[in-house]
Amino acid sequence: MQFVVGKVHELLQPFPEEIITYRMIMATMLFLDALVRIDEKVAALDGEAMISEALNLATTVVTAPYPNNYKPLRSPTQKKA
């Protein structure tokens, strides 16, 4: 898993590290939501199609273009909470 995550981070450079991490979290949430829906038998699609859809959406989230005109959420000197 560390290898895969490391490769994703490597491929998304020069995106800011915070954006890469945020996108990875969002992609994980998409995938986990699909698994829960399959488990609870409330998925909009059959299990295989639902997983495929979740992976396609997650890939889109992670690889979406990053506009360099975003304003930072905090100043470079502000410490993380």
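The values are calculated or read from the model by the stated rules, or taken from the named source; none is laboratory data. As the structure is a computational prediction, the values presented were derived from the model and not from experiment. FYI the Cβ positions are ideal-geometry reconstructions off the backbone, even for glycines, and counts take in every protein chain you see.
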Pair list, Cβ < 8 Å and 6+ apart or interchain, from the stretch 10-26 residues that are of a type in the set (Asp, Glu) to residues that are loosely packed, with under 11 Cβ neighbours inside 10 Å: GLU18/LEU73
Considering residues of the stretch 1-15 that are under 17 Å from PRO65 (Cβ atoms) and not in a helix (DSSP H, G or I) only, the residue farthest from the chain's Cα centre (by Cα): PRO14
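Condition check: surrounded by 13 or more Cβ atoms within 10 Å (Cβ to Cβ), among the β-branched types (Val, Ile, Thr) and either modelled with pLDDT under 85 or out of contact with any Gly (no Cβ under 7 Å at 6 or more places or on another chain) (or both). Does VAL8 satisfy that?
Yes: the conditions hold for VAL8.
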Filtered residues of the stretch 16-50 (kept if more than 24 Å from TYR66 (Cβ to Cβ), among the acidic types (Asp, Glu) and assigned to a helix (DSSP H, G or I)): ASP39, GLU48
Per-region count, the stretch 17-70, residues more than 12 Å from the chain's Cα centre (by Cα), of a type in the set (Lys, Arg) and surrounded by 11 or more Cβ atoms within 10 Å (Cβ to Cβ): 1
